[in-house]
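Trainee: Sharing a structure below in structure tokens format, with a few things to ask.
Nothing in this text is a laboratory measurement; each read-out follows from the coordinates by a stated rule. Predicted model, so just to flag it, every value in this text is computed and none were measured. Cβ atoms come from the backbone with ideal geometry, glycine included; neighbour counts cover every protein chain shown.
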Amino acid sequence: MTRKRATAVSWKIKPMPAAHKELALEGSYSAAEFDQISLGYIPQEQQDKWFIYLEGEWLHFHRSWTGSCIFQLHLAPADGYYQADKAIVNRDPAQYRGQDDEQDARLISHLVDDLLLGRFSVLPLPDNLSAEDQQRYQKDMMGKRRGGGLRLDVKGNGRS
């Protein structure tokens, strides 16, 4: 099934608020990955938590229910690939409660891998969450149908 390309007018959205922070990042995507990323993500059902679209060199991440812009990822063309060199993160506590720069960078990476590239990616969880809060966080970030949010602990390799 071919995905329809998401654009700024595909969903009701709000701009990034004045309360935001820029993060320096290091990462890259191949040209083929960028082509897939550039399609964005349009929610198909109520449990889809994100709307994502590319405009110019910026990938915009909005919460699907509120339209709030939570992240913007800059993807600059380089020699045959695209450099993810910075992100802007919403810091308005009325729109987004996250305050951990490293967690936000991991979450952006997860959203690209899981929603845009269709790769298996374990949802990065904030530190010090109880098991109940981990499940709540997973549902809040990715919805019920997204299974990548469970963290599995490896307990040995089966040998004695």
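Trainee: Do any trypsin sites (Lys or Arg not before Pro) in the range 10-118 lie in a loop, going by DSSP, with at most 14 other beta-carbon atoms within 10 Å of their beta carbon, and if so which? Walk me through the intermediate numbers first.
Mentor: Working: sites: LYS12, LYS21, LYS49, ARG63, LYS86, ARG91, ARG97, ARG106; in loops: LYS12, LYS49, ARG91, ARG97.
Of the trypsin sites (Lys or Arg not before Pro), the ones in loops of the range 10-118 whose Cβ has at most 14 other Cβ atoms within 10 Å are LYS12, ARG97.
Trainee: Compute the distance in nm between two label points, each set 7 Å from the Cα along the Cα-to-Cβ direction, one at TRP65 and one at LEU117.
Mentor: My value for the distance between the label points is 2.9 nm.
Trainee: Taking the simple approach of a point 7 Å from Cα along Cα-to-Cβ for both LEU23 and ALA94, what is their distance in nm?
Mentor: Between LEU23 and ALA94, the simple spin-label model gives 2.4 nm.
Trainee: Here's a follow-up. In the range 1-85, what GluC sites (Glu not before Pro) fall in a loop by DSSP, with at most 11 other Cβ atoms inside 10 Å?
Mentor: Details: sites: GLU22, GLU26, GLU33, GLU45, GLU55, GLU57; in loops: GLU26, GLU45, GLU57.
For GluC sites (Glu not before Pro) across the range 1-85 that sit outside H, G, I, E and B with at most 11 neighbouring Cβ atoms in 10 Å, the list reads GLU26, GLU45.
Trainee: Points 7 angstrom from Cα along the Cβ direction at GLU55 and ASP79: gap in nanometres?
Mentor: Those two pseudo-labels are separated by 3.3 nm.
Trainee: State the number of lysine pairs found in the range 1-108 whose Cα atoms come within less than 18 Å, restricting to pairs 8 or more positions apart or on distinct chains. Walk me through the numbers on the way to the answer.
Mentor: On the way: LYS4/LYS12; LYS4/LYS49; LYS12/LYS49; LYS14/LYS49; LYS21/LYS86.
The number of close lysine pairs in the range 1-108 is 5.
Trainee: Run lengths n ≥ 4 of DSSP H only: what is the helix-derived mean residue ellipticity at 222 nm for the chain, with -39500 (n - 2.57) per run over all residues, to the nearest 500?
Mentor: Working: 3 runs with 30 residues, N = 160.
Calculated from helices alone, the mean residue ellipticity at 222 nm is -5500 deg cm²/dmol.
Trainee: Just going by the charge dipole of the chain, with Lys and Arg at +1 and Asp and Glu at -1 on Cβ, which of PRO17, SER64, SER30 is farthest out on the positive end?
Mentor: SER64
Trainee: Would you please put 126-134, 71-79 in order of how densely packed they are, using the mean number of other Cβ atoms within 10 angstrom per residue and starting with the highest?
Mentor: Working: 126-134: 10.4, 71-79: 16.6.
The packing order, highest mean first, is 71-79, 126-134.
Trainee: What is the chain's relative contact order, in percent, from Cα pairs under 8 angstrom and six or more apart in sequence?
Mentor: Values: 260 pairs, mean separation 35.2, N = 160.
Once divided by the residue count of the chain, the mean separation gives 22 percent.
Trainee: Pairing the Cα long axis of helix 101-111 with the longest principal axis of the chain, what angle in degrees results, from 0 to 90 and rounded to the nearest 10?
Mentor: 80
Trainee: What's the magnitude of the charge dipole for the chain around its Cα centre, counting Lys and Arg as +1 and Asp and Glu as -1 at the beta-carbon? Answer in Debye, nearest 20.
Mentor: The calculated dipole for the chain is roughly 720 debye.
Trainee: Calculate how steeply helix 131-142 sits against the longest principal axis of the alpha-carbon atoms of the chain, using the helix alpha-carbon long axis, and give the answer as 0 to 90 degrees to the nearest 10.
Mentor: 20
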